[in-house]
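Data block below; observations after.
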Amino acid sequence: MTQQIIIPEPDPIPLPAPYWLLKFLLVLTFILHIIAMNFALGGGIITGITDLIGRKKNSQFHLNLARSFSKMLPIATAFTITLGVAPLLFIQVLYGQYFYTASIILAWPWLSVILLLLIGYYGYYIYQFNFEKLQGVRAWIVLGSAVLFALIGLIYTNTLVLMLTPEKLAQKYFANPHGTNFNFDDPTVIPRYLHFLVASVSVAGLLVLIYGLVKLKSDESFGRWAVRYGGLWFVIGTVVQYATGIWFLLALKKDLMMIFMGGNGVATAVFGISVLLSLVSLILILLSFNAQNPRPLSIFGIVLLFLTIVGMAVMRDILRDAYLSDYFKPEQFEVQPQISVLIVFGIVFIAGLITVGYMLNKVIKAKPVTT
């Protein structure tokens, strides 16, 4: 019996900008979103565990770090939400016929994201404003919020992977048309999700390290401790991420996996360079632990990690188009450039990045309030 493949027609509204520009903006805004998301999710996990360790060992360094990060988590969450709007819109513009269909098949989990986000976001604020009052309960509140955010990531992974397999859409819908059809039968969902989850902890570890670098001048002992502590989270997370990344790669269909194994020159080069950059970054962060001045090694390692994230985002885009190669044809789009709208978007986008950078600088350099 031939499998029924039903794919909605693309949106008839012309693209407001050239296809290549929208693709570039999709990847760029996704990079910014994923960095903020790593800080919000991974930062919540690290903060909760750090708080538990601090109370158990009566370690002032651990408790001071948890107290400082209690103020950063709501801000990181706000950045994650704000910076997530643009890539989601670009996905809808370019891949709407696949994305909307997949989100309908997972309608109830998809709609629950709003509720999960509100509860998790509120939990971070409870943790911040009641840090001293909550005592032993507070770590579980922040960890509970992080779990809710991790669940959102799982829902997104399910939806976005289903989007990449249009041949399964009709089958899943007619098997369960009630909007509760998860995509766990796809062998890539779990490793892809774990790769994302572990990455959030790894990248958030670098935020701790950056915080330590900033505090070196005012409190050298705490600053050096934070550099090593955050670096350790990064190192362990990165090593585990290699394992989940290999699992994810092997879970792909052979033709998709081979794209990064020599089948596509650009994809293979980006993959190889990204892995190399992450290894060098890992070594530099390790060397910074005992360096007399950890700042140069740490900063270089952070820059290389950022370039690794860029490479991974490009690989993600290449993989998406490889999945949809039999269905998605960019030439199908009609383009009617709206120059004035693009100019306004560019101005607001740049102004927003400057504002975010200014706010981050203020938050990181803020002096912790002790009681």
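Checked against (1) open to solvent by 50 Å² or more (accessible area, probe 1.4 Å); (2) within 19 Å of Ser298 (Cβ to Cβ); (3) touching a residue at least 40 places away in the same chain (Cβ under 8 Å), Phe234 passes all but a single condition, namely (1).
Scanning the range 113-139 for residues that are aliphatic (A, V, I, L, M) and open to solvent by 80 Å² or more (accessible area, probe 1.4 Å) gives Ile114, Leu115, Leu118, Ile119, Val137. Trp110 meets each of the listed conditions (1) surrounded by fewer than 19 Cβ atoms within 10 Å (Cβ to Cβ); (2) free of Cβ contacts under 8 Å to residues at least 40 places away in the same chain apart from (2). Selection within the range 265-296: residues that are touching a residue at least 24 places away in the same chain (Cβ under 8 Å) and over 25 Å from the mean Cα position of the chain (by Cα). The member of this set that is most open to solvent (accessible area, probe 1.4 Å) is Arg295.
Of all residues in the range 140-160, those satisfying the criterion of being within 14 Å of the chain's Cα centre (by Cα) and closer than 22 Å to Trp108 by Cβ are Phe149, Ala150, Leu151, Ile152, Gly153, Leu154, Ile155, Tyr156, Thr157, Leu160. What about Ile104, is it open to solvent by 50 Å² or more (accessible area, probe 1.4 Å), in contact with a Ser or Thr (Cβ under 9 Å, 6 or more places away or on another chain), of a type in the set (A, V, I, L, M, F, W, C) and in contact (Cβ under 8 Å) with a residue 12 or more places away in the chain? Criteria not met by Ile104.
Listed by first and then second residue, the pairs linking a residue in the range 1-30 that is part of a helix (DSSP H, G or I) and modelled with pLDDT of 85 or more to a residue that is basic (Lys, Arg) and surrounded by 12 or more Cβ atoms within 10 Å (Cβ to Cβ), with Cβ atoms under 9 Å apart and 6 or more places separating them unless they lie on different chains, are Val27/Arg316; Phe30/Arg316. Of all residues in the range 168-195, how many are open to solvent by 40 Å² or more (accessible area, probe 1.4 Å), in contact with a helix residue (DSSP H, G or I) (Cβ under 6 Å, 6 or more places away or on another chain) and among the aromatic types (Phe, Trp, Tyr)? Going through the range 168-195 one residue at a time, the tally reaches 2.
The values are calculated or read from the model by the stated rules, or taken from the named source; none is laboratory data. Remember, it's a predicted structure, so these values are computed and weren't measured experimentally. Here the Cβ is made from the backbone with ideal geometry for all residues, glycine too, and neighbour counts use every protein chain on show. Heavy atoms of the whole protein, side chains included, go into the accessibility calculation; ligands, DNA and RNA do not. Shrake-Rupley method; radii C 1.70, N 1.55, O 1.52, S 1.80 Å.
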